[in-house]
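Written below as structure tokens is the structure these notes are about.
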Amino acid sequence: MTDKTIAEINQKIAEGNAVVITAEEMKDIVSEIGAEKAAQEVDVVTTGTFGAMCSSGVWLNFGHADPPIKMTQTWLNDVEAYSGVAAVDAYIGATQTSTILGDKYGGGHVIEDLVRGKTIYLKATGSKTDCYPRERLETEITLADLNQAVMSNPRNCYERYNAATNSGNKTLFTYMGQLLPNHGNVNYSGAGELSPINNDPSLQTIGLGTRIFLGGGTGHITGNGTQHSPDAHFSTLMVQGNLKEMTPEFIRGASIQGYGCSLYVGIGVPIPILNASLAQSTAKRNEQILTDIIDYSIQSRDRPSMKTTSYADLQSGIVELSGKDVKTASISSLVKAKEIASILKNRIAQRKFFLSQAVQPLQTSGGCNPMKEKKLEMKEKTFSFPKRQVQNAVVFRDEKRCIHCGLCIAYCPSNVFVRMSDWKISADTTKCTACHQCDAVCPQQAILHY
């Protein structure tokens, strides 16, 4: 069989003849007819992932005030944005926290509020110059008021991510969620066989300029992500897109207890099936995708692996660790990942989304070096975070906020929450004892009490 080209596939899309399926569907097709025949019959495989991607943010241009100001410090809803680039440009990072609310509200929430069309309070100070005489600015803005709002994320879409556990005797609060003592749980991230890079691990089609689904709109890959480590199967992507095209369904601010703020980002990458090799790589199942369970109680960069496991085991809800069955939970949403892959499939089938040829391949070898540290005398800083105030009552789940990640299942001692066959979460409130474990760990603050 002669390899297809992206131009040929785009022609089929334009004619309405392209065969487009999701990565989940591809597994069975290759199993039934083999990679060679699948490569002949299938044109595009769509992928999806939706999880907390801390290395994310948005470039904003506010336009010039009258009189003009050179903004040297900028706050959006009391979340500081970086302003050291130009007079009225700023970069709001997902993990920056509020000067008032601490880790309950941050840059990720500001970004979501902008996408939702909410009014944002803008405060800025400036250095007075002859061309920029103003020293202070306070106003209100919306996304529609901005000249540009460009999502520019340095590191998204890990090929795989280590799972996390805790062998210590106290609860740990991490970016992987709350880790209970004595291997009380294992948390993991990523969509496994649906994740973009897992479907093209050799980066044959994923490169600089690849058009992608980003946050509900259309974006592009702009290069290797930071900490890109293909030798260790930790490849990452740098991505960019227009925030004004995105939707709050796939851009969600998050607050992770004891760690801080983040941003849930939805990304889908179409994989053109140019040859049998790509057909085979898109047929990889969760049982074949491995990751390490890392002990986060070790206060070191080089934490040891407790065990190598598969995404099939992690998604089963239970893994065996140190001789006992341990609950697992995902801080990503497989429900949303499936939705993204399906939406991207439909957009291509409806001729609303065409593929793009990468203008430059991504790095396919190499690793990530640790920080080079020079020993200096430094004073340690301590931080305290406000405690969430809740009432003693029965659990209530906000369906509009819930992303069905499943953390509530792993932490609830009363088995209130159950994952259904479609991976959505159901709740039996009659079992609730009002222990508040669920609302404490929910990154979307979707669990309330009444």
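Could you please find all residues in the stretch 251-283 being crowded, with 24+ Cβ neighbours inside 10 Å and aromatic (Phe, Trp, Tyr)? TYR264, the sole residue that qualifies. Taken across the stretch 119-128, residues that are of a type in the set (Phe, Trp, Tyr) and within 17 Å of ILE251 (Cα to Cα) do not occur at all.
Mind listing whichever residues of the stretch 160-183 are within 25 Å of VAL269 (Cβ to Cβ), modelled with pLDDT of 95 or more and of a type outside the set (Gly, Ala, Ser)?
Listed by number, the residues that qualify are ASN162, TYR175, MET176.
The set of residues in the stretch 421-450 being touching a Pro at 6+ places or on another chain (Cβ under 8 Å) and either buried (at least 16 other Cβ atoms within 10 Å of the Cβ) or in contact (Cβ under 8 Å) with a residue 60 or more places away in the chain (or both) consists of GLN437 alone. At least 2 residues being within 18 Å of VAL186 (Cα to Cα), more than 20 Å from the chain's Cα centre (by Cα) and in the same structural domain as ASN185 (by TED's automatic domain parsing) is the threshold, and among the strands (runs of 3 or more DSSP E) wholly inside the stretch 400-450 not one reaches it. Residues that are assigned to a helix (DSSP H, G or I), touching a strand residue (DSSP E or B) at 6+ places or on another chain (Cβ under 8 Å) and among the charged types (D, E, K, R) within the stretch 105-157 comprise GLU112, ASP113, listed in sequence order. Screening the candidates ASP103, ASP113 for the property of being at pLDDT 95 or above, within 26 Å of the chain's Cα centre (by Cα), buried (at least 17 other Cβ atoms within 10 Å of the Cβ) and not assigned by TED's automatic domain parsing to the domain that holds VAL441 yields one hit, ASP113.
Table: residues versus (1) in contact with a Lys or Arg (Cβ under 8 Å, 6 or more places away or on another chain); (2) surrounded by 16 or more Cβ atoms within 10 Å (Cβ to Cβ).
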| site | (1), (2) |
| --- | --- |
| LEU122 | no, yes |
| PRO133 | no, no |
| GLU140 | no, no |
| ARG155 | no, yes |
| LEU172 | no, yes |
| TYR188 | no, yes |
| GLU193 | yes, yes |
| THR226 | yes, no |
| HIS233 | yes, no |
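The sole residue among ASN346, ASN286 that is surrounded by fewer than 17 Cβ atoms within 10 Å (Cβ to Cβ) and closer than 23 Å to ASN198 by Cβ is ASN346. Under 8 Å between Cβ atoms, which residue pairs at least 6 apart in sequence (or on different chains) link something in the stretch 201-225 that is under 21 Å from ARG347 (Cα atoms) with a partner that is of a type in the set (Asp, Glu) and assigned to a loop (DSSP other than H, G, I, E, B)? Cβ pairs passing all conditions: ILE206/ASP200; GLY216/GLU249.
The number of residues in the stretch 403-420 being loosely packed, with under 14 Cβ neighbours inside 10 Å and touching a residue at least 40 places away in the same chain (Cβ under 8 Å) comes to 0.
Just checking, does the stretch 15-23 include any residue being in the same structural domain as ASN346 (by TED's automatic domain parsing), modelled with pLDDT of 95 or more, among the charged types (D, E, K, R) and more than 23 Å from the chain's Cα centre (by Cα)?
Kept after step one, since they are in the same structural domain as ASN346 (by TED's automatic domain parsing), are these residues of the stretch 15-23: 15-23.
Checking the rest, the ones that are also modelled with pLDDT of 95 or more come to 15-23.
After this cut, where a residue has to be among the charged types (D, E, K, R) as well, the list is 15.
Then keep just the ones that are more than 23 Å from the chain's Cα centre (by Cα); that gives 15.
Yes, the stretch 15-23 contains a residue that is in the same structural domain as ASN346 (by TED's automatic domain parsing), modelled with pLDDT of 95 or more, among the charged types (D, E, K, R) and more than 23 Å from the chain's Cα centre (by Cα).
Total residues in the stretch 330-370 satisfying the condition of being free of Cβ contacts under 8 Å to residues at least 40 places away in the same chain and either in the same structural domain as LEU194 (by TED's automatic domain parsing) or within 18 Å of the chain's Cα centre (by Cα) (or both): the figure is 3.
Given the stretch 179-228, what strands (runs of 3 or more DSSP E) lie entirely inside it while holding 3 or more residues that are under 23 Å from LYS307 (Cα atoms)?
186-188
The residue list TYR188, TYR132 contains one member that is more than 30 Å from ALA279 (Cα to Cα), aromatic (Phe, Trp, Tyr) and either within 18 Å of the chain's Cα centre (by Cα) or not assigned by TED's automatic domain parsing to the domain that holds GLN299 (or both), which is TYR132.
Could you go through the stretch 289-298 and let me know if any residue there is out of contact with any Ser or Thr (no Cβ under 7 Å at 6 or more places or on another chain) and of a type outside the set (Val, Ile, Thr). No; the residues of the stretch 289-298 include none that is out of contact with any Ser or Thr (no Cβ under 7 Å at 6 or more places or on another chain) and of a type outside the set (Val, Ile, Thr).
The values are calculated or read from the model by the stated rules, or taken from the named source; none is laboratory data. It should be emphasised that the depicted structure is a prediction, and the values quoted were computed from it without experimental measurement. Virtual Cβ from ideal backbone geometry, glycine too; neighbours counted across all protein chains shown.
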